[in-house]
1. Could you work out [θ]222 nm for the chain from helices alone, using -39500 (n - 2.57) per DSSP H run of at least four and dividing by all its residues? Round to the nearest 500 deg cm²/dmol.
2. Set the bar at 19 Å for Cα to Cα. Now go through K161/K241; K7/K31; K161/K326; K7/K111 and name every pair that lies beyond it.
3. For segment 199-207, in order, what is each residue's ³J(HN,Hα) by Karplus, 6.51 cos²θ - 1.76 cosθ + 1.60 with θ = phi - 60°, in whole Hz (x at glycine and Pro)?
4. Taking the Cβ of Y37 as the center, what net charge do the other residues with Cβ under 14 Å away carry, scoring Lys and Arg +1 and Asp and Glu -1?
5. Just want to confirm a number: the relative contact order over the chain, from Cα pairs under 8 angstrom separated by 6+ residues, in percent.
6. Find the percent of Cα-Cα distances in segment 304-394 that exceed 15 Å, and round it to a whole number.
7. Of the listed values (1) 21.8, 77; (2) 29.4, 99; (3) 22.5, 85, grab the one calculated as Rg and Dmax of the Cα atoms in Å from the structure here.
8. Counting Lys and Arg as +1 and Asp and Glu as -1, what is the net charge of the other residues whose Cβ lies under 12 Å from the Cβ of P189?
Amino acid sequence: MPSFIYKVKDETGKIFSGVLEADNVRALRKKLHDSGYYVISVTLAKEEKRLPFFEKKINLDTLLLFTHQLSSMIEAGMPILMSLNILWREIDHPKMQVVISQIRNKLSEGKSLSEATEEFPDVFPVMYRALLKVAETGGGLAIILKKLTQYLEKQREFITKVKRALTYPLIVIGVAVVVVILMLTLVVPTFQRVFRQINVELPFLTQLIINISKIMRTFYFWLALIGIVALLIFVYKRLRKNPKTSLAIDRLKLKLPIVGKIFYLASLGRFTRSLSLLVGGGLPIAESMDIASQTVVNKEIETSLDWAKRRIVEGVALNEALREAKTFPAILVEMIAVGEQSGTLAEMLERVATHFEEDLDSRISRFLTMLEPLLIVFVGGIVIFILLSIYLPIFKLWGALAQR
């Protein structure tokens, strides 16, 4: 029986999207109409095609809302199917409604929640799905969902901090680019006409700025600029797909002054926070390492973690494997050693993850505090250079008139 993606409207005017199986479009329309919905559209699932650029993706906030509300309902004792039905009506995100609808259908067919979410890897991260599987085999789904909620909240908090910190520098850079473009395309040509009329000899800097202005006012300059940017993006993506060049790029990132340490701490924070949650959820350490390493966004660190994981499989303790890798800080290794000896590995990992996140937050704040005045000086220098280049012929002309 074919599956159809539908969009309907209830009596209050709220729009819902979902997936249902039916013999044909007519039968599905009748079924939806009998349920009290006004049918807006029905499309065969296999024919549903959208350009990835225009498709509204399920973001972290939507996943967090879904997890938090599902956790609360399960904790209150509500059946999971009833909870999903309520969430389907409450969440406004169209794609998430379709996902919830499909999960609900699969649960009705007898599949578990973890099996249903396995079919949506772009929505539910690998760690999310693994913990759901653990919760279903060992019980405590509400507890695991609550831990996932806390984990997603930490992620959102970090992303919000970074966005807030980057807002001012991005605004300064944006304003600087606009000011320079306007000066070179509008102000400089005006002075160029004046210089032509008074027939004054132009200094080298002035002639240079005028030539740059001429080039920027041509169609081919902007076409070439767009082409170069597109080519750089294409080359970067191609390099990223190659394992060797991708590893070299990430290795270089870690060696960059100031920001290299920021990349390093960000990766360690994600890894330790994920590993803490997985170990606390009851997963074996080797499997937890395998999943947690996938949350790291740096190939250099991921390679070291893969090597450490192989050592763990051979029977080496986690702290010894990480110590041998020589990529991880002493505080991480020592805290893990204490956790393994005292049986509090998850708690120790959570503490060291908090330490990394606080250190990262402090470094980002210091970096941006240093970056802001540097940006202002840099932008001011460019503007002064352009203005000086424009006024040099005028100063020269005034000097000649004064001598007469």
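1. Numbers: 17 runs with 298 residues, N = 404.
So the helix-based figure for the chain works out to -25000 deg cm²/dmol.
2. Details: K161/K241 30 Å; K7/K31 13 Å; K161/K326 30 Å; K7/K111 25 Å.
Beyond 19 Å between Cα atoms: K161/K241; K161/K326; K7/K111.
3. 6, 9, 6, 8, x, 4, 4, 5, 5
4. Numbers: positive: K7, K9, K14, R29, K30, K31, R89; negative: D10, E11, D34.
Combined, the nearby Lys, Arg, Asp and Glu give +4.
5. On the way: 394 pairs, mean separation 53.8, N = 404.
This gives 13 percent for the chain.
6. Details: 2972 of 4095 pairs.
For segment 304-394, the share of Cα pairs beyond 15 Å comes to 73 percent.
7. (2)
8. Working: positive: R193, R196, K214, R217; negative: none.
Neighbour charge sum, excluding P189 itself: +4.
Every read-out reported here was derived from the displayed coordinates using simple, explicitly stated rules and does not represent laboratory data. Just so you know, these numbers come straight off a predicted model, no measurement behind them. Cβ sites come from the backbone with ideal geometry, for glycine too, and all protein chains shown count toward neighbours.
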